[in-house]
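Working notes, structure below.
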Amino acid sequence: MTFQAATATARRATTRATTRAMTRAMTPAAFVRGVVAAYARYGRDPAEALARGQVLLDLVKSIDGRVTASQFEALAGHAMRELDDEALGWFSRRLPWGTYGMLCRASITAPNLEVALKRWCRHHRLLTEDVLFELAIGEESATISIREQRDLGPLREFCLVTLLRYVLGFSCWGVDSAIALRAADFPYSEPEHVAVYPTIFCRTISFDADRARIVFDKHYLSLPLTRSAADLDNMLKGALRLTVLPYRRDRLLVERVRRVLREARGRSLGAEDVANELALSTRTMHRRLREEATSLRDLKEETKLEFAKQELMRGRTPIKRIAEIAGFRNEKSFSRAFRSWTGASPREFRDRYR
């Protein structure tokens, strides 16, 4: 299969997966009640919005009810237009329809994700000071957090979850890559619909934290923004989709797998071990690596070669020991593999760098 054919196949698979996700009920009724509460705040009737989303009143009142992404997109989108408030009553002032589109336009011309997020944090403060976005960059991770400046009341969860999904959805779209979260924290007690959180954020979730935040690999920050103004116009037609559906393609997945394998330093890692480090299922990891035209086996071989080359060039570690650390059964099998990789034996390769 050619690379172009493989790419087309991957795109079709992603489209099918997105369609399935859009028709699977994942969004909790609690968030539907958040939309209904916005109508109550403005003294308006939510009947038309509920009809647009095909949401029955019985489901609105349900403790464990769910709606599909398509339903919630239709419901919330209509509410934002009808109430002319993209914040849906969270803040002390309305954010008129188009506000977050303007925020996207202010960020899209940034050269990379780090600059875009810094703009997002700074410009969001112009919209409201009820909450403040902050970006913190550590040695290996980056954190986007929300500092609450006022009591958000009963809409607190709906507000904080949606705001984090807004910035995450825009970021993923902007760099055309899923941004795999390492953790997500929330400053309230675990809700009854906690089962939905790993789907819209990640597996590592904690509650009763000091503030809402998402944490991810800082290397995503260096990815360039690849979108044009025309791309943005098209995205904004269905922007709410990005807040309820995880972005799929991870442009850093291959590098993240390489990093896990390098840090193992010769320890034998199975597919399940690597997938757990990435907070993915093994099936998802294998599928996404195929979409990137590689495999875990190929990356393991590549990592072994890199390690062996580095150790041989240093010139101190015995070849037998290098073979052992790299995960080979013996020096003979290592030498055979190394020659197939480089055309030279480990000893010949080392002699070149003495």
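The values are calculated or read from the model by the stated rules, or taken from the named source; none is laboratory data. Quantities reported herein were computed from a predicted structural model and do not represent experimental measurements. For neighbour counting, all protein chains shown are included, and Cβ atoms are generated from backbone atoms with ideal geometry for every residue, glycine included. Accessible surface areas use protein heavy atoms only, side chains included; no ligands, DNA or RNA. Shrake-Rupley method; radii C 1.70, N 1.55, O 1.52, S 1.80 Å.
Among the lysines of the chain, pairs at least eight places apart or on separate chains and with Cα atoms under 28 Å apart come to 13.
Over region 59-198, average the accessible area per residue using a 1.4 Å probe and give it in Å², no decimals. Show your work: numbers first, answer last.
Values: 5480 Å² over 140 residues.
For region 59-198, the solvent-accessible area averages 39 Å² per residue.
With all projection directions averaged, the alpha carbon convex hull of region 171-317 covers 11.9 nm².
Let me cross-check Lys300: its accessible surface, 1.4 Å probe, with only protein heavy atoms counted, in Å² to the nearest 10? Using a 1.4 Å probe on the heavy atoms, I get roughly 60 Å². Going by accessible surface with a 1.4 Å probe and the largest first, Arg105, Arg267 read Arg267, Arg105.
Here region 52-132 has an Rg and Dmax of 15.8, 48 Å, counting Cα atoms alone.
With the simple model of a label 7 Å out from the Cα in the direction of the Cβ, Asp176 to Arg93 spans 3.8 nm.
Residues Ile319, Ile63, sorted by accessible area with the largest first, give Ile63, Ile319 [1.4 Å probe; ligands and nucleic acids excluded]. Once the chain from Arg352 to Ala106 is taken as fully extended at 0.36 nm per residue, the excess over their C-alpha distance is 83.3 nm. Rolling a 1.4 Å probe across all protein chains gives Thr303 an accessible area of roughly 20 Å². Here each label is just a point 7 Å from Cα along the line to Cβ, and for Trp341 and Gln54 those points are 5.4 nm apart.
Determine the gain in length on full extension of the stretch Tyr188-Lys332; use 0.36 nm per residue of separation and subtract their C-alpha separation, reporting nm with one decimal. Don't jump to the answer; show the numbers that get you there.
On the way: separation 144, 0.36 × 144 = 51.84 nm, distance 5.82 nm.
Here the segment from Tyr188 to Lys332 would lengthen by 46.0 nm.
Which order do you get for Arg81, Arg33 if you rank them by accessible area with a 1.4 Å probe, largest at the top?
Arg81, Arg33
Per-residue SASA remark: Asp208, around 110 Å² accessible (1.4 Å probe; ligands, DNA and RNA not included).
Determine the share of the chain's accessible area contributed by carbon and sulfur atoms, expressed in whole percent, with a 1.4 angstrom probe. Write out the running numbers ahead of the final one.
Working: 8610 of 17840 Å².
C and S fraction of accessible area: 48 percent.
Placing unit charges on the Cβ atoms of the charged side chains and taking the dipole of the chain about its Cα centre, the candidate lying farthest along the positive direction among Pro346, His219, Ala79 is Pro346. Which of [x] 52, 48, 38; [y] 51, 50, 48; [z] 81, 41, 36 is the computed Cα extents along the principal axes in Å for the structure on display? Label [z] holds the value from this structure.
Taking 0.36 nm per residue of separation and subtracting the Cα-Cα distance, full extension of the segment from Ser281 to Asp231 would add 14.9 nm.
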